[in-house]
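These notes concern the structure reproduced below.
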Amino acid sequence: MRLCNLYSCSRLGLTSLGYLWRRDQQELLQEMIDARVHAILIKVAALGLDPDKHLGLTLQQIYPHMLKMNMKFGLNICGEGGEYETFTLDCPLFRKKIVVDCSETVVHSADPFAPVAYLKFPKMHLEDKSQDNSEDMSSRLTGLSIKTGEAMVQQAISAVKLHVDVARRKEQEARRTRLRPSTNKGVCMQDVIVLKKTHGAYTWLSVAVYKPKDSSNKRTVEETAQVAMDKIKDTLNGSGLRMADIVHVQLYVADMADFGKVNSRYKQYFSINPPSRVCVEGAFHASGKLLQLDCCVWKGQTGEGERRTMHVQGLSHWAPANIGPYSQVTQVDQTLFLAGQIPLCPSTMLIVVGGIIPQTRLSLSHVQRVLSAMCSGASLINSRLVICYVTDISYVHVAKDAWEQNTQIMDDVQHDDSITTGLETYVVVPALPRGALVEWHVTATADPVGWEVKRSLCSAGGAEVTLGCCYSTGRRTAAVKIGLGLPCTSQEECLSLEEVIPTLVHELSGLLSGCGLELQDVLVFRIFYLPEVAEEQWLHSVMEDALNQDGGGAPALAFVPVSALEPGQVLTACCWVQGPLDHRTRET
């Protein structure tokens, strides 16, 4: 029914209001009672509900019994599973109350375990109420215990623990790394660059649009977006794929002020159940890049899993509706690709006030709620690869503390040593949608157990290289993170990437091998780098040469220039290795 309402509202240009959706059922029923909703049960149809005992009871009378039945049989406390139906006789909004003069019990099914019966009212009448009927509707609600959207947001924020160690944060912020820049910087000579790689059922496709070298060919923002989307569509069609096969999109814009204009063209290429999406502003000022769209495409064969999406468009107290043509999460087999979660108040779609701490807590609450809604029982500990975007270096420590503290709490609750949380990457970017200070991009799995983490540390060319792999012991699936920076004890101020990257690739190959994977299993590496390190073309050339020397099929490379990385870092790379994979790899 909710989906039917959403589709109808979308077709008519209306907004669906679903403020009761995914509310805590015990809390919700108590709120109805406190709000003086006088409703009685007129039908029962579940184990634990007896027509002779429970028909005609009020919500207040049935409440303690439904709590017991929820614990014993799993009945929905509010009757949302069809356990019971109600009829409202009176509430503060009614000008008159309904009085039942007589009733009859009709037994529909005399099942000995779960009988079905309902009340029939042959005669009823209306009676005046003692309240002043001239009062407007809002006046009648005065004094009632009704939660506001702000109260619901504060409740969500309070559920996320966060204690910030200010001294530690300032110490880490003081660390900076300088680089010895390369003299072999490349320059992009094309207006549009298309990169694609296919491995098994997955295809990675990237389209980047640059400022035209010929000023007479200058495009508007909308035209730039259309060029990129047409390239994606044509490239997919040429490979026997469709836009509907895209499961996740990472959208990088040169100016977040253009987000709305890009959206206006982007939405024309998708219908119902679009892919999930993350959007951030890249530090493209030096490269001349205007727009970059990286698409994860999946087209499985029969028996290779299925695709599911959660596309919420209505306002609620649960989590934000999408602010563009994307789904909150796309699931392929066991993998969940979440859309970027920013700290929007779900009922108003406005950014929560108060700065980075409440924004971090609320956006993390959205991640938790989307995960649990898509996959029953899932939580933050189901996350395997986490990229947290913030807009200031001082926010990195706040976000990191929030993630560590809340995943630790969940680990303690689970009491299961076999549960392992994934890898996190923290990135500083110029801007995020709606002026948010933080955005969480999470890739998770439905299976919380059977995961292990291996780490490796090495030094090369004065740099410290840290590698981590969170991998499934039962499937060829993993999350990988690479960090490059100066050692904490190093007195050196400069490093050269030409000396470091070959060692990095060698160590990565060894780490993957120890996890039952190969370098060719990696579809694409997403590389966050500082523009002062090198221009993208040069960086791409150096890394591609090192990867090809290792032999086998080198992964594709997606470069994203950023404002800053974690303290001490100059380059961070991460990837999601999705299995099972077909080793008959085709590259283009």
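Please enumerate the residues belonging to region 521-542 that are crowded, with 19+ Cβ neighbours inside 10 Å, of a type in the set (Asp, Glu) and over 19 Å from Gln190 (Cα atoms).
Asp521
Residue-wise test of (1) modelled with pLDDT under 95; (2) open to solvent by less than 50 Å² (accessible area, probe 1.4 Å).
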| site | (1), (2) |
| --- | --- |
| Ser239 | yes, yes |
| Ala244 | yes, no |
| Val249 | no, yes |
| Arg277 | no, yes |
| His285 | yes, no |
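Can you tell me which residues in region 75-93 are over 41 Å from the mean Cα position of the chain (by Cα) and open to solvent by 40 Å² or more (accessible area, probe 1.4 Å)?
None; the set is empty.
Suppose the filter is closer than 30 Å to Ile351 by Cα and surrounded by fewer than 13 Cβ atoms within 10 Å (Cβ to Cβ); does Ser145 pass it?
In short, yes.
Note down all Cβ pairs under 7 Å where the first residue falls in region 533-550 and is more than 24 Å from Glu518 (Cβ to Cβ), the second is in a loop (DSSP other than H, G, I, E, B) and of a type in the set (Lys, Arg), and they're at least six residues apart or on different chains.
Ala534/Lys185; Glu535/Lys185; Trp538/Lys185
For region 1-31, which positions are open to solvent by 40 Å² or more (accessible area, probe 1.4 Å), more than 26 Å from Ser376 (Cα to Cα), in contact (Cβ under 8 Å) with a residue 40 or more places away in the chain and not small (Gly, Ala, Ser)?
If the condition is that a residue be open to solvent by 40 Å² or more (accessible area, probe 1.4 Å), more than 26 Å from Ser376 (Cα to Cα), in contact (Cβ under 8 Å) with a residue 40 or more places away in the chain and not small (Gly, Ala, Ser), then Thr15 is the only one that fits.
Return yes when Asp101 is at pLDDT 90 or above, farther than 23 Å from Gln30 by Cβ and outside any helix (DSSP H, G or I) and no when it is not.
For Asp101, the condition - at pLDDT 90 or above, farther than 23 Å from Gln30 by Cβ and outside any helix (DSSP H, G or I) - is met.
Quick test of your reading of the structure: Ile77 fulfils all but one of (1) free of Cβ contacts under 8 Å to residues at least 40 places away in the same chain; (2) under 17 Å from Leu29 (Cβ atoms). Name the failing condition by number.
Just one mismatch for Ile77, condition (1).
Take residues that are touching a Pro at 6+ places or on another chain (Cβ under 9 Å) and tell me which of the helices (runs of 4 or more DSSP H) falling wholly in region 8-92 contain 3 or more.
So the answer is none; nothing clears 3.
Is there a residue being crowded, with 20+ Cβ neighbours inside 10 Å, in a helix (DSSP H, G or I) and aliphatic (A, V, I, L, M) anywhere in region 293-313?
Checking region 293-313: not a single residue is crowded, with 20+ Cβ neighbours inside 10 Å, in a helix (DSSP H, G or I) and aliphatic (A, V, I, L, M).
With respect to Gln368, is the statement that it is at pLDDT below 90, open to solvent by 20 Å² or more (accessible area, probe 1.4 Å) and not in a loop (DSSP other than H, G, I, E, B) true?
no
Can you pull out every residue in region 558-568 that is in contact (Cβ under 8 Å) with a residue 40 or more places away in the chain and either open to solvent by 20 Å² or more (accessible area, probe 1.4 Å) or at negative phi (or both)?
Listed by number, the residues that qualify are Ala558, Val560, Pro561, Val562, Ser563, Ala564, Leu565, Glu566, Pro567.
So in region 288-316, with the set limited to residues that are of a type in the set (S, T, N, Q) and at pLDDT 85 or above, which one is nearest to Trp204 (Cα to Cα)?
Among those that are of a type in the set (S, T, N, Q) and at pLDDT 85 or above, it is Gln292.
The values are calculated or read from the model by the stated rules, or taken from the named source; none is laboratory data. In this text, all values refer to a predicted model and were calculated from it rather than measured experimentally. Glycine gets a Cβ as well: all are built from the backbone with ideal geometry, and neighbour counts include every protein chain shown. With ligands, DNA and RNA removed, areas are computed over all heavy atoms of the protein, side chains included. Shrake-Rupley method; radii C 1.70, N 1.55, O 1.52, S 1.80 Å.
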